Amino acid sequence: MKGADAAEMRQTPLESFPPVERWDDWVENDPAAWPKRKERRLMIVPTTCFNCEAACGLMAFVDKQSLEIVRLDGNPHHPGSRGKNCAKGPATLSQVYDPGRILYPLKRVGPRGSGRFERTTWDEVLDTFARRIRKALQEGRHNEVMYHVGRPGEDGFVTRVLQAWGIDGHNSHTNVCSSGARLGYAIWSGVDRPSPDHENAKFVLLLSAHLETGHYFNPHAQRIIEGKRRGAKVCVVDVRHSNTASKADFWFAPRPGTEAFLLLALASQLLENGWVNREFLKTWVNWREYLLAKRPDAPPGDFDAFLEDLRDRYSSYTPEAAAEECDVSAQMIRDTARAIAEAGDAVAAHVWRNAAAGNLGGWQVARCLQFLLTLAGAVGTEGGTNLNADNKFVPKPFLSPPPQRHWNELLYPLEYPLAFHELSYLLPHFLMDGRGKVDVYFTRVYNPVWTNPDGMMWE
């Protein structure tokens, strides 16, 4: 690909956008006055889309007289979205001016469920909540204060506030979406999500993470397409024949819940054919400790004995066994494994949502995927799959409150000692069973009635 073409592909040409020096006073024709030419004066305000966690950049075109937003375009200076947005970005205008949008605090004045509310002030809201929170803390009812979040976007600030109050009151929706994948990644590396370098990859492996339906899909989608245009092969593992799958070089539609078996079959092929990255494994894997635990009879420091043991341990995951278990093509497993080997350490992969969250033991999918990437040496490399903590810096405050001294069993019940995130979907059941009480409950970007699998329990 020629340099000019590559540059144009990476970023929307800036000449298509108003120059920064004219953002305070941008003049253009009013399309509503067509066919007449009527100028209108606008100011352009950079902002962010909050319709998903991707947080793509937007530019709000604001009428200088009425101060109304007339449209929202992509921000070409945003490092993630680079001027390109999905339909949800410009549609934010419909949210801003939705006639049903709540523009001020409302207080219920009728029976619960009656829908009778009246307008109140922010002072009344803040004073009411502050008094009840203070009273609960003074009376030692720490577990009766709860904050429930959907999209955080604040990088730990609220956790800091809750710790300052001394309460274990942070609840989230993670257990009904991404907790399975996060657990698998965290057990392996201590970091609960990947950061794949799709743009520079030679092989892109997607499980439940697609251009149109996956997490952070717009920034990822751009870079997956860029990688594909540069020659990268794309493999999609999904029972749905999604738009992404239709453009993939390999599409597996395994029986739901067998994705981990499929990944181990790919890993077994790398081991069987000697396609692993020996130098990476020798440097970054604790293979010596592995030998002491699993093969104490092997000579100390015998790296080949380690590889031999791995090969034997996973030898049952043959393409034929995977074909029978997963209902996929054995030959396509061989072809995919060879393509991964040819990509070397430039394998970018991601799993989120259904394969990990929709099946019992789904967290093993993330672990098996990380195992495959480790065998390929595609961790922390250009075109590989990094830890997201390596690509995102969140400065730690210079003073942090001490950890909470109160354990809230409404969030982490004792009968589920291995829960990785708060079991929020059990909260209304526990309250109905009399296992606890919530006096102050406030949410942010979260509606449990809509989100949780048994949402009507919250009513």
**OP:** Over the range 293-425, consider all pairs of different Cα atoms and compute the Kirkwood hydrodynamic radius from their mean reciprocal separation; express it in Å, one decimal.
**Re:** 19.2 Å
**OP:** Would you grab the residues whose amide H sits under 5 Å from the one on residue 70? Only those 5+ places off in sequence or on another chain, please, with H modelled 1.01 Å from N.
**Re:** 61, 62, 63
Subject >> Helix-only mean residue ellipticity at 222 nm for the chain, each DSSP H run of n ≥ 4 adding -39500 (n - 2.57), per residue, nearest 500 >> reply: -10000 deg cm²/dmol
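With viscosity set to 0.890 mPa s at 25 °C, what whole-number translational diffusion coefficient in µm²/s follows for the range 140-187 from Stokes-Einstein and a Kirkwood radius over Cα pairs? Don't jump to the answer; show the numbers that get you there.
Numbers: Rh = 12.1 Å.
It comes out at roughly 202 µm²/s.
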**OP:** Just flag the trypsin sites (Lys or Arg not before Pro) in the range 95-168 sitting in loop per DSSP whose Cβ has no more than 12 other Cβ atoms within 10 Å.
**Re:** 101, 112, 116
Subject >> Radius ratio Rg over Rh of the range 191-390, counting only Cα atoms, Kirkwood formula for Rh >> reply: 0.96
Original post:
Between the range 369-390 and the range 269-334, how many Å separate their Cα centres?
Top reply: 17 Å
**OP:** Give me Rg over Rh for the range 367-457, both radii from the alpha carbons and Rh done the Kirkwood way, two decimal places.
**Re:** 1.10
Original post:
One-quarter of the Cα convex hull surface for the range 100-163, in nm²?
Top reply: 6.3 nm²
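Using the C-alpha atoms of the chain, what convex hull volume per residue, in cubic angstrom, is computed?
216 Å³
Let me make sure I get this right: for the range 47-199, a, b and c are the square roots of the gyration tensor eigenvalues over alpha carbons, sorted descending. Under 1.5 in a/c it's rounded, otherwise prolate if a/b > b/c, else oblate. Which is it?
Working: a/c = 2.30, a/b = 1.13, b/c = 2.04.
Oblate shape, in that a/c is at least 1.5 and b/c is the bigger or equal ratio.
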**OP:** With label points built 7 Å along Cα→Cβ from the Cα atoms of residue 409 and residue 109, find their separation and express it in nm.
**Re:** 4.2 nm
Original post:
If you wrap the range 18-96's Cα atoms in a convex hull and average its projection over all directions, what's the area in nm²?
Top reply: 5.5 nm²
Original post:
Which residue, chosen from 250, 344, 305, occupies the Cα position most advanced towards the positive end of the dipole of the range 191-390, where the dipole is computed from +1 (Lys, Arg) and -1 (Asp, Glu) charges on Cβ about the Cα centre?
Top reply: 250
Subject >> Gain on full stretching of the segment that runs from residue 292 to residue 324 - 0.36 nm per residue minus C-alpha separation >> reply: 8.1 nm
**OP:** Rounded to the nearest 0.05, what FRET efficiency do residue 37 and residue 132 give with R0 = 41 Å and r taken as the Cβ-Cβ distance? Could you check?
**Re:** 0.10
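Bear in mind these aren't lab numbers, they're just calculated from the coordinates by the rules spelled out. The shown structure was predicted, so the numbers you read here are calculated from the model rather than taken from an experiment. Here the Cβ is made from the backbone with ideal geometry for all residues, glycine too, and neighbour counts use every protein chain on show.
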